[in-house]
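What follows is one structure encoded as structure tokens, with my remarks underneath.
The values are calculated or read from the model by the stated rules, or taken from the named source; none is laboratory data. Please read these numbers as outputs of a predicted model, since none were measured by experiment. Glycine gets a Cβ as well: all are built from the backbone with ideal geometry, and neighbour counts include every protein chain shown. Protein only, heavy atoms only, side chains kept; ligands, DNA and RNA dropped before computing areas. Shrake-Rupley method; radii C 1.70, N 1.55, O 1.52, S 1.80 Å.
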Amino acid sequence: MTETARDDDASLADRAYRLIQDDILNGVFSPGEPLRLAALKDRYGLSFSPLREALTRLSGDRLTELASLRGFRVASVSLDEMWDLIGIRTLVESEALRRAIAGGDVDWEARVVASFHALSKAVEKHEAVEGQFDKALEDRHQAFHHALISACGSPSLLHIAGQLYTRTERYRRPTLSGELRGAGGPRDVMKEHADLMDATLKRNADLAVERLAEHYRRTGELIEVGLRRAAAE
């Protein structure tokens with residue numbers, strides 16, 4: 001196989017990975033649902049090889065799992081796993097945030113402010129069009145949380161934080177669709193983000209970590225309500 005062919009295969013596998021991941025995170029595929037290669041081929045217009053590679057990678061992310069001899073299926077969900085993920089994510093990001101506050105420079109501060117501004121603008125636009133899911137908004141949301149810890153100085157911490165973000169998003173997006181709008185909901189999420197940014201830029205590590213933990217705890221509580229409601233239906 002030529003180097004160009006290998007690059008093309010890798011590119012197709014990456015595309016398959018992103019497409020399937022997005023559909024799992026957004027609740028298009030339900031927990032436990034079989035992921036048949038033939039059906040995925042029809043949905044995405046990709047061949048079996050990159051799809052199989054993508055499903056294997058997603059298994060490593062714990063978003064898919066092998067179902068005996070039946071191939072892959074969407075990984076199951078549970079309240080215990082959700083709270084475990086939120087707890088570990090809080091632990092990891094709290095340490096990363098403390099390091100970023102201690103060592104971040106003016107460029108880091110600018111990234112935090114710019115990412116919050118971009119998130120605010122995306123929220124305003126989302127409110128105007130009132131959509132079920134807004135990828136641009138979710139991307140801005142992720143970018144803000146990443147910017148907060150981006151100066152931690154540890155690629156390993158950032159990698160783990162990214163993995164945990166993806167796994168917790170699987171619970172948040174389908175359950176709390178539209179919560180970032182902050183309009184008429186049970187909480188003002190943008191104020192929580194603003195307060196978190198304020199404490200971070202003031203270099204008050206204890207307060208910033210406290211606000212980060214409270215932000216994730218409140219998200220977890222709302223996810224739990226949504227999951228229990230869905231289970232009762």
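Some points to look at:
- Summarising the label geometry, the points placed 7 Å from Cα in the beta-carbon direction at Leu69 and Asp139 lie 4.4 nm from one another.
- Amide H contacts under 5 Å for Leu35: Phe72, Arg73, Val74, restricted to partners 5 or more places along the chain or on a different chain, H placed in the peptide plane at 1.01 Å from N.
- Normalised per residue, the accessible area of the chain is 53 Å², obtained with a 1.4 Å probe and no contribution from ligands, DNA or RNA.
- Taking amide H atoms as placed 1.01 Å from N in the peptide plane, the amide H of Thr64 lies under 5 Å from those of Ser59, Ala75, each 5 or more residues away in sequence or on another chain.
- Over the chain, volume per residue of the alpha carbon convex hull, in Å³: 154 Å³
- Proximity of backbone amide H atoms, modeled 1.01 Å from N, is registered between Gly104 and no other residue at under 5 Å, excluding neighbours fewer than 5 places apart on the same chain.
- Per-residue ³J(HN,Hα) for segment 140-147, Karplus 6.51 cos²θ - 1.76 cosθ + 1.60, θ = phi - 60°, Hz, x for Gly and Pro: 5, 4, 4, 4, 5, 5, 5, 4
- Between the Cα long axis of helix 189-201 and the first principal axis of the chain there is an angle of about 60°, rounded to the nearest 10.
- Cβ-defined net charge surrounding Ser59, 15 Å radius [Lys, Arg +1; Asp, Glu -1]: +3
- Fully extended contour minus Cα-Cα distance, from Ser76 to Asp42, at 0.36 nm per residue: 9.8 nm
- Considering only Met197, Phe144, Val112, the residue lying farthest towards the positive end of the dipole of the chain is Phe144, judged by Cα position with unit charges set on Cβ.
- With Cα atoms, 0 to 90° folded angle of helix 106-129 axis to the chain main axis: 70 degrees
- When Rg and the Kirkwood radius Rh are both evaluated on Cα atoms of segment 73-163, their ratio Rg/Rh stands at 1.05.
- For segment 219-232, 3J(HN,Hα) computed residue by residue from phi via the Karplus equation (6.51, -1.76, 1.60; θ = phi - 60°) reads 4, x, 5, 5, 4, 4, 4, x, 5, 5, 5, 5, 5, 7 Hz, glycine and proline entered as x.
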